[in-house]
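Heads up, the thing below is written out as structure tokens.
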Amino acid sequence: MATDETTSKEQTGSISSVLSEKRKFPPSAEFSKNAHITSMEEYEKLYAAAAADPDKYWGDLAEKFHWFKKWDSVLDWAPPYAKWFSGGKTNICYNAVDVHAKSWRKNKAAIIWEGEEGPQRVLTYGELHRQVSKFANVLKIAGIRPGDRVAIYMGMVPELIIAVLACARVGAVHNVIFAGFSAHAISERVNDSRAKMVICADGTRRRGGSINLKNIVDEAIVNTPSVRSVIVLKVTGEKVHMHDGMDHWWHDLMGLAMDECEPAEVDAEHPLFVLYTSGSTGKPKGILHTTAGYMVHAANSFKYVFDIKDEDIYFCTADVGWITGHSYMAYGPLLNGATILMYEGAPNYPQWDRFWDIINRHKVTILYTAPTAIRAFIRAGNEWVTKHNLDSLRLLGTVGEPINPEAWMWYHRIVGQERCPIVDTWWQTETGGIMVSPLPGATPTKPGTATRPLPGIMVDVVRKNGDPCEANEGGYLVIKKPWPSMLRTIYGDNARYEKTYWSEFKDMYFTGDGARKDEDGYIWIMGRVDDVVNVSGHRLGTSEVESALVSYEAVAEAAVVSRPDDIKGNALVAFVTLKDEYVGDMNLREALRNHVAKEIGPIAKPDEIRWAKGLPKTRSGKIMRRLLRELATSNEVKGDVTTLEDFGVLENLRDQEDD
Ligand code: PRX
């Protein structure tokens, strides 16, 4: 029976949050001294000023960019539709490339690229400017006009960034499709955005082999009537079929193009890109971002969160096919004139030390990666990391999902050698840029929390009725004021935009995440609310149970989902991957259940623990909990599996009987 406390929680619609983490890590005096933001006092002052006068805060930041014409107003807000810097004219490519190519940075490395088999290339800002201008001319000659959509489907080569920037230069709207997606997924995205052109590579390298991307595009564009031409970059030299009149080689077109191209002077609200992301229904959502507001926040957040300096070499392991790649592999760093390390290949090729080897050889100073990668490294063993000299590193970042405190500690100790601050950055495809994150020279970090919102960003944790939660009371993460890099709509579907993000709470953007704010105002993400489970009247964040499981010595990775239960409403089912040297048996199962009870409380004990050799993940590394929920409920999977990385994983899980 529910206690009084649970009943009242049920009524207010809050979420039980039970994981408590007390460790706190302030930045070193040395780091703070040299940082852009040096103390919490400075952060608080900035935050308060931005909250008091957001127009001034964002307007001052926008002044730092090149405008062909200055804006008339900072924000026009007709909820839920925002216009930022209305009346202004600018070009994000000009700000990311030309500004630096015209400065002393002309000969500074913009992109240091390394391929899986070891080849290396360096593009200076001057050379990037030349290549982007040439390719912008290629687009123009091919009939691409401002506002036209261009789909891009390539591996992690510099030309992917060149193509993106060239689109922005001519005012075309890029639609990057992650190179792991299937032909069906490409058609769906190309058709939804009615793209006029596809830019692809012949292939991409992965784990010593190669994937023929052009064949996949050929299959996709049979069903895409809007596509008039395909430009193909030669990367792997695969055998491809070039269709007369439709397909053109990148190098042929570049050979003919001039290397001067005036950037289009576009409106501040000119659409910049569409990026598809999954929603709760089957149809992917085309998240639309526009030019100036995105530029201002991507650049500014990058500068302060990564404390970027001209001397840094910044390594982001995300693919440009995802929002992290857009904002913090391409635009954010380039707008700051930074040097990016770009790697095309698998993290474990030829061995599990590839990232650490890259860091050592290139003297990388900042690493930005995902918790799922960190957990894979933990599983592979510390020796892969410790055999390399990582002294060049000064700052670490994570993104994409909650990082379990144990994984955070490992990142801190083994990779950061207890020297590097960790910025756990919370944001979404929809937010365009980082919203909640430590500022590394100022914010004392705690393992597992993205800490405080950036200046100008008004987030809160609220109950179902929209009232703010109390400290440590779990609730729903919302954003209370518009911000410049917010999505403007779902491409071609305003109704879905309004319903998905603006109907749940009055006048607030709903993130879809559960969270709690602790007594220091730090935000702890508890996972998507669809991953929040109600067990015996208690709502639990499944990621909290996962954190508890992963903190047990034997566990490498865990995913917790729910299945309906007659008595409790829902029961928790944990899929657990053990470290190599452990074997799953009844004793370990009981020990794990007790461990969770100890870490969180008996209510969070998984009802069932299944041993999993691997967990089903998307190609970007997110655990597909939806599939696990289906397995836990019916032992079969009927839903969409197109984004699944390894189908074998599912087979293994399906065959397994819970002993
Ligand atoms: O649930 C949150 C989780 O990832 C979601 C956004 O996913 P996506 O649009 O694919 O963007 C990922 C890269 C920005 C969020 O709603 N998420 C993202 N970052 C974090 C996170 N959860 C916890 N901590 C984070 N740092």
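Taking the condition at pLDDT 90 or above, touching a strand residue (DSSP E or B) at 6+ places or on another chain (Cβ under 6 Å) and hydroxyl-bearing (Ser, Thr, Tyr), does Thr643 pass? Reasoning before the result, please.
Details: at pLDDT 90 or above: no; touching a strand residue (DSSP E or B) at 6+ places or on another chain (Cβ under 6 Å): yes; hydroxyl-bearing (Ser, Thr, Tyr): yes.
No.
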Practice item. Select from region 483-535 the residues that are away from the ligand (no atom under 13 Å from the Cβ), modelled with pLDDT of 90 or more and among the polar types (S, T, N, Q) and write down the one among them that is nearest to Val545 (Cα to Cα). Key: Ser503
Practice item. Among what's in region 370-423 and is at pLDDT below 95 and among the β-branched types (Val, Ile, Thr), pick the residue that is nearest to Thr542 (Cα to Cα). Key: Ile403
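Of all residues in region 446-497, which are polar (S, T, N, Q) and open to solvent by less than 20 Å² (accessible area, probe 1.4 Å)? Steps first, please.
Within region 446-497, the subset polar (S, T, N, Q) is 449, 451, 465, 472, 485, 489, 494.
Listed by number, the residues that qualify are Thr449, Thr451, Ser485, Thr489.
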Review point. Going through region 562-597 one residue at a time, which ones are of a type in the set (Gly, Ala, Ser), assigned to a loop (DSSP other than H, G, I, E, B) and in contact with a Lys or Arg (Cβ under 8 Å, 6 or more places away or on another chain)?
Key: none
Review point. Which of the residues belonging to region 58-80 are out of contact with any Ser or Thr (no Cβ under 7 Å at 6 or more places or on another chain) and open to solvent by 40 Å² or more (accessible area, probe 1.4 Å)?
Key: Asp60, Glu63, Lys64, Lys69, Lys70, Leu75, Trp77, Ala78, Pro79
Point to revise | Members of region 97-116 found to be under 19 Å from Lys309 (Cα atoms), open to solvent by less than 60 Å² (accessible area, probe 1.4 Å) and either touching a strand residue (DSSP E or B) at 6+ places or on another chain (Cβ under 9 Å) or assigned to a strand (DSSP E or B) (or both), listed by number | key: Val97, His100, Ala101, Arg105, Lys108, Ala109, Ala110, Ile111, Ile112
Check your understanding: Which is open to solvent by less than 10 Å² (accessible area, probe 1.4 Å), part of a loop (DSSP other than H, G, I, E, B), assigned by TED's automatic domain parsing to the domain that holds Thr291 and modelled with pLDDT of 95 or more, of Ile144, Ile161?
Key -> Ile144
Study note, to complete from the structure: Here the residues within region 305-327 that are more than 22 Å from Phe178 (Cβ to Cβ) and within 16 Å of the ligand (Cβ to nearest atom) are Val305, Phe306
Check your understanding: Of all residues in region 606-627 being under 18 Å from Ala571 (Cβ atoms) and within 16 Å of the ligand (Cβ to nearest atom), which is most open to solvent (accessible area, probe 1.4 Å)?
Key -> Arg626
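This table checks each residue for (1) of a type in the set (S, T, N, Q); (2) crowded, with 19+ Cβ neighbours inside 10 Å; (3) within 18 Å of Gly337 (Cα to Cα).
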| residue | (1), (2), (3) |
| --- | --- |
| Val240 | no, yes, no |
| Gly245 | no, no, no |
| His248 | no, no, no |
| Glu260 | no, no, no |
| Phe273 | no, yes, no |
| Thr277 | yes, no, no |
| Lys309 | no, no, yes |
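Is it true that some residue in region 257-268 is under 22 Å from Val190 (Cα atoms) and at pLDDT 95 or above? Spell out how you get there, then give the answer.
Of the residues in region 257-268, the ones under 22 Å from Val190 (Cα atoms) are none.
The answer is no; no qualifying residue exists.
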Revision key, fill the gap. Reported set for region 410-441 where residues are more than 20 Å from the chain's Cα centre (by Cα) and open to solvent by 10 Å² or more (accessible area, probe 1.4 Å) is Trp410, His412, Arg413, Ile414, Gln417, Glu418, Arg419
Study note, to complete from the structure: So, first residue within 22 Å of Arg593 (Cα to Cα) in region 610-624, second residue of a type in the set (S, T, N, Q) and more than 12 Å from the ligand (Cβ to nearest atom), Cβ within less than 6 Å, six or more apart or across chains; the pairs are Ala612/Thr577; Lys613/Asn652
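In region 328-430, which strands (runs of 3 or more DSSP E) lie fully inside it and hold 1 or more residues that are away from the ligand (no atom under 15 Å from the Cβ)?
Working: elements: 339-344, 366-369, 395-399, 422-425.
The strands (runs of 3 or more DSSP E) meeting that bar are 339-344, 366-369, 395-399.
The values are calculated or read from the model by the stated rules, or taken from the named source; none is laboratory data. Given the structure is predicted, the values throughout are model-derived calculations rather than measurements. Note: ideal-geometry Cβ built from the backbone for every residue, glycine included; neighbour counts use all protein chains shown. All accessible areas refer to the heavy atoms of the entire protein, side chains included, with ligands and DNA or RNA removed. Shrake-Rupley method; radii C 1.70, N 1.55, O 1.52, S 1.80 Å.
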